[in-house]
Amino acid sequence: MEFLYFSSLLDRFKMPENSIPKEAAFQIINDELMLDGNPRLNLASFVTTWMEPECDKLIMASINKNYVDMDEYPVTTELQNRCVNIIAHLFNAPLGDSETAIGVGTVGSSEAIMLAGLAFKRKWQNKMKAEGKPYDKPNIVTGANVQVCWEKFARYFEVELKEVKLRDGYYVMDPEKAVKMVDENTICVAAILGSTLNGEFEDVKLLNDLLVEKNKETGWDTPIHVDAASGGFIAPFIYPELEWDFRLPLVKSINVSGHKYGLVYAGIGWVVWRNKEDLPEELIFHINYLGADQPTFTLNFSKGSSQVIAQYYQLIRLGYEGYKNVMENCRDNMMVLKQGLENTGKFNIVSKDNGVPLVAFSLKDNSSHKEFEVSEMLRRFGWIVPAYTMPPDAQHVTVLRVVIREDFSRTLAERLVLDIEKVLHELETLPCRISTKIVLANEEKEAAANKEKRDLEKTREITTAWRKFVMQRKMNGVC
């Protein structure tokens, strides 16, 4: 390998006045990127970190295509429409034989949720206007375990976020509590198919049944949105009997992340609607300055085509059988890791066996050392394992979480357990941070007490000497 020696100092925050050789620019950036973590050992992320070389070639071949130029790249547009229809059928959308699904590709589930939320808000506003009622205080009901994009939606688009608090041992939204919080201004209830915190699927079926009854009693028609960012490409393949999707009448829209268990690199999400009536027409814009008339319903405009093409590759390359095999393998490796952690006798498992393939766990005894210390020390072995506290009202619980992706093998799971055992052994030999603080505090108190004792003894000595002196003077007749 040939190294270039570049002596000029580059300002990191200002554009240089002069150009530099392309080889030098590459080496400077490449050298810095070497300090990044290894994506495959980043067990914090749900996002895909490996794809087949054939798909990599397709991605690079289309990296210069702007997806929004639909008239110039009609085949790319067609591939996106095929993906929308495949996903809609996967989620049991009630489509006729020749009916086209309603949906759109996005840069991720965050944008998909924004679009779905806007559709619910506009439809609710139109309904309230038609009934002559106030429409300025919309709200949305979720669990406190929702991803931050829901908080962004609420704040950016002025919708009150009503959160169902968690409790110890129950870290997802309680459907009964959620339905109690619903009122006439609720634009929808958001259920999570695969909580970010512990991978658990929320009970969408129970939520639907309870909400159907409440809608009958009140005359409202409060709908459900399912945030299936993580679980949308899992449940259809290994939990096909689970009712969470468009089989439930109140589920009007679903989002899913193609770049998670859709098995595509970062930058692709999807949102599909039950039918055309659930997406208000006034939210769809039509443009013709790129050629023919083009409908668009996105928050951004330009975006790359590569991820759309990569998603279509995965859908036809793997098929139902392939996705099922991948998800079952992830679940099996999750069980290997879970069993290994349980065998240490040091951890409580917080995650469930059914759900997104991940293992969330906490120390049985964290009086001496915390989960954050375990996370920090694992980085020395290359592993990125996050530690975090649960949302209210379970914020006293701290957990570590390992996400099992397609490229996380049984061998890596066994290796991770060994490294965790090494970390635990090392922590046991280190002085406890808490006990050290207590010892220091006790030493300070003891020192202060000793000083006070010495000062008191000194005062007593002076007082005794003075009294003795006075008595002697009296005896000598001196007053």
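The values are calculated or read from the model by the stated rules, or taken from the named source; none is laboratory data. Because the structure is predicted, anything quoted here is derived from the model rather than measured. Cβ placement follows ideal geometry from the backbone for every residue including glycine, while neighbour counts extend to all protein chains displayed. Ligands, DNA and RNA are excluded from the accessible area calculation, which covers all protein heavy atoms including side chains. Shrake-Rupley method; radii C 1.70, N 1.55, O 1.52, S 1.80 Å.
When His396 is tested against (1) touching a strand residue (DSSP E or B) at 6+ places or on another chain (Cβ under 7 Å); (2) of a type outside the set (D, E, K, R); (3) farther than 26 Å from Leu35 by Cβ, just one condition goes unmet, and that condition is (1). Residue pairs whose Cβ atoms lie under 6 Å apart, separated by 6 or more positions or on different chains, with the first residue in the range 323-345 and of a type in the set (A, V, I, L, M) and the second assigned to a helix (DSSP H, G or I) and surrounded by fewer than 15 Cβ atoms within 10 Å (Cβ to Cβ), are Val336/Arg410. On inspection, Leu58 passes the criterion of being more than 26 Å from the chain's Cα centre (by Cα), modelled with pLDDT of 95 or more, open to solvent by 70 Å² or more (accessible area, probe 1.4 Å) and among the hydrophobic types (A, V, I, L, M, F, W, C).
Would you confirm whether or not the range 248-255 contains a residue that is under 20 Å from Gly355 (Cα atoms) and in a loop (DSSP other than H, G, I, E, B)? Within the range 248-255 (the criterion being under 20 Å from Gly355 (Cα atoms) and in a loop (DSSP other than H, G, I, E, B)), the answer is yes, since at least one residue qualifies.
Among the residues making up the range 381-416, those that are part of a loop (DSSP other than H, G, I, E, B), of a type in the set (D, E, K, R) and either farther than 20 Å from Tyr261 by Cβ or open to solvent by 50 Å² or more (accessible area, probe 1.4 Å) (or both) are Asp393, Glu406. Contact map, the range 393-415: first residue without any contact (Cβ under 8 Å) to a residue 24 or more places away in the chain, second residue surrounded by fewer than 18 Cβ atoms within 10 Å (Cβ to Cβ) and small (Gly, Ala, Ser), Cβ cut-off under 7 Å, separation 6 or more or different chains; the map is empty. Set side by side, the residues Asp203, Asp174, Asp221 differ, and just one is touching a Pro at 6+ places or on another chain (Cβ under 7 Å), within 23 Å of Glu243 (Cα to Cα), modelled with pLDDT of 95 or more and of a type outside the set (A, V, I, L, M), which is Asp203.
All conditions but one from (1) open to solvent by less than 10 Å² (accessible area, probe 1.4 Å); (2) of a type outside the set (Val, Ile, Thr); (3) touching a residue at least 40 places away in the same chain (Cβ under 8 Å) apply to Leu211; the one that does not is (3). Only helices (runs of 4 or more DSSP H) whose full extent lies in the range 1-102 are considered here, and the ones with at least 3 residues that are farther than 25 Å from Gly319 by Cβ are 22-33.
In the condition set (1) open to solvent by 10 Å² or more (accessible area, probe 1.4 Å); (2) in contact with a helix residue (DSSP H, G or I) (Cβ under 7 Å, 6 or more places away or on another chain), Val271 is compliant with all but (1).
Could you tell me which residue of the range 364-375 is surrounded by the fewest Cβ atoms within 10 Å (Cβ to Cβ), considering only residues that are touching a strand residue (DSSP E or B) at 6+ places or on another chain (Cβ under 8 Å) and outside any loop (DSSP other than H, G, I, E, B)? Give the derivation first.
Start the filter on the range 364-375 by keeping residues that are touching a strand residue (DSSP E or B) at 6+ places or on another chain (Cβ under 8 Å), which leaves 364, 366, 369-372, 374-375.
This time we only want the ones that are outside any loop (DSSP other than H, G, I, E, B), so: 371-372, 374-375.
Working: Glu371: 22, Phe372: 15, Val374: 22, Ser375: 20.
Among residues in the range 364-375 that are touching a strand residue (DSSP E or B) at 6+ places or on another chain (Cβ under 8 Å) and outside any loop (DSSP other than H, G, I, E, B), the one surrounded by the fewest Cβ atoms within 10 Å (Cβ to Cβ) is Phe372.
Okay, residues lined up against (1) touching a residue at least 24 places away in the same chain (Cβ under 8 Å); (2) hydroxyl-bearing (Ser, Thr, Tyr); (3) open to solvent by less than 20 Å² (accessible area, probe 1.4 Å):
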site	(1), (2), (3)
Lys162	yes, no, no
Met173	yes, no, yes
Ser195	yes, yes, yes
Leu207	yes, no, yes
Lys216	no, no, no
Gly219	no, no, no
Ser230	yes, yes, yes
